1. For the range 207-240, enumerate the residues that are of a type in the set (A, V, I, L, M), modelled with pLDDT of 85 or more and open to solvent by 40 Å² or more (accessible area, probe 1.4 Å).
2. Kindly evaluate Arg201 against the criterion of being of a type in the set (Lys, Arg), modelled with pLDDT under 90 and within 19 Å of the chain's Cα centre (by Cα).
3. Anything in the range 314-355 that is crowded, with 17+ Cβ neighbours inside 10 Å, assigned to a loop (DSSP other than H, G, I, E, B) and among the basic types (Lys, Arg)? List them, or say none.
4. Of Val122, Val126, which residue is in a loop (DSSP other than H, G, I, E, B), over 24 Å from Ala232 (Cα atoms) and among the hydrophobic types (A, V, I, L, M, F, W, C)?
5. Looking at (1) crowded, with 20+ Cβ neighbours inside 10 Å; (2) in a helix (DSSP H, G or I); (3) touching a residue at least 40 places away in the same chain (Cβ under 8 Å), which one does Arg136 not meet, given that it meets all the others?
6. If a residue has to be surrounded by 19 or more Cβ atoms within 10 Å (Cβ to Cβ) and either closer than 17 Å to Ala218 by Cβ or in contact with a Phe, Trp or Tyr (Cβ under 7 Å, 6 or more places away or on another chain) (or both) to count, how many in the range 56-86 make the cut?
7. From the set of residues in the range 77-103 that are assigned to a helix (DSSP H, G or I) and out of contact with any helix residue (DSSP H, G or I) (no Cβ under 7 Å at 6 or more places or on another chain), which is nearest to Leu28 (Cα to Cα)?
8. With respect to the numbered conditions (1) modelled with pLDDT of 95 or more; (2) surrounded by 18 or more Cβ atoms within 10 Å (Cβ to Cβ); (3) basic (Lys, Arg), which one is the sole condition not fulfilled by Arg95?
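The values are calculated or read from the model by the stated rules, or taken from the named source; none is laboratory data. Given the structure is predicted, the values throughout are model-derived calculations rather than measurements. Note that we place each Cβ from the backbone using ideal geometry, even for glycine, and neighbour counts take in every protein chain shown. Keep in mind that these areas ignore ligands, DNA and RNA; they rest on the heavy atoms of the full protein, side chains included. Shrake-Rupley method; radii C 1.70, N 1.55, O 1.52, S 1.80 Å.
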Amino acid sequence: MRSTIYRSVALVDEYQRPLKASEKSPKLRIAVAGATGFIGAPLVRSLAAAGHQVVVLGRDREALNRQFDDAQAATYSDAETALFECDALVNLAVRNNHLPGTPEQFRMANVELVKMLHDLAVRTGVRHFIQISSFRAGSPGQDPYGLSKREADDWLLNQDGPPLTILRFPVVQQADFGGRLAVFNAVPSWFGIAKIIGALRPEVSLQTAVDNISTVIANCPPLCRPRLLFVADPKTDDRIYSFSKRVMDVGFAVVVLTAFWWLLAGLWLAVKLDSPGPGIFVQERVGRQRRLFRCYKFRTMRVGARQAGTHELAASEVTSLGRTLRRLKLDELPQVINLLKGEMSLVGPRPCLPMQHDLIETRRARDVFGVLPGVTGLSQIRDIDMSRPEALALSDEEYLYRRSILTDLAILLATLRGSGLSDRTTPTTNT
């Protein structure tokens, strides 16, 4: 599976060009904290095989020496000497979410240790601090693991010190399942359990994780701003995910058209009676690969409203019924036609207008047009609308890495619960 490095969050410039296999990277001195973990051990071997000088950090020097006889070992308490003149410090030390523990135990391992290592990096002149984080840090909820990882990331982004890169990974998939999924190791490989689980959730292979960390180490510019990067195995060629997504789209459209035709007819009639004009509003939108398509909605604007983003229109241009339809998201129901035609999906980036050039260019640069636009999406439940094109494109891009069956279902559930608002209009002012 191809290795992919993604950009995210408005902290970063374009990610530096990855080194080609034919190019020679300089030999570096690299410290790895948490080297005995399932990512740390193969990372150390990979770095050593590339000719880099590796320093492994942990709590037990003897255990480190036994596992890494070709690397310098040091404990956290005496790491200062070992860290001098290091080109990079990679922090993989973590209390993982499969372990029990109190919130304070997670904070000690995932926050306080990060602060200590960063302080060491500042005092010893480490040239690049690399924090390995998790997708859960972006949506922590009430999970002590996600909350502690988010706290550490936020703290690091507000510190002075060496150039910082935070890499957020989803589930890192090894050859065998671990934790609660270990029961599936007994299932024959021909059954395709790994592919099914891979479609259900975002994940990254162990080799992809190691390759991306190595690439970041080799490509850190000397004076770069803090960077928050997402790494995931792409869903582009995942046939199970693509098939499941299409089944959900078509299934939803068929249910709406057959079981709720009376609601569609009633809303169409109500729109026509509420204000002069058609019941269905048809507008060109920008779809996958920037192809234009005709998007269908119940009309919520008065006839004669100019072609522009909703945030550019006055609130007075929305009809009285239109405000209710927008609040309940019922104006989107005619898009079941676009679902059946394969022009849209239930979940994806919201389609923009052809004249929204800034948003189109920002989305193009972030490969957002590689997927079908959606009736709802990650940005919508986060209440990010088209009045903030850069923030919207960044959030849309994040969806590319988080895509999975469970992610899409969670976004749909959040939408049904009322998360997010429709695009804001410009408030009407009295003159």
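1. So the first thing to find is which residues in the range 207-240 are of a type in the set (A, V, I, L, M), and the list is 209-210, 213, 216-218, 223, 228-229, 231-232, 240.
So of that shortlist, the ones also modelled with pLDDT of 85 or more come out as 209-210, 213, 216-217, 228-229, 231-232, 240.
Scanning the range 207-240 gives a single hit, Ile240.
2. The answer is yes for Arg201.
3. Lys329, Arg350
4. After applying the criteria, what remains is Val126.
5. Condition not satisfied by Arg136: (3).
6. Final tally of qualifying residues: 3.
7. Top of the filtered list is Ala82.
8. Going through the list (1) modelled with pLDDT of 95 or more; (2) surrounded by 18 or more Cβ atoms within 10 Å (Cβ to Cβ); (3) basic (Lys, Arg), Arg95 breaks only (1).
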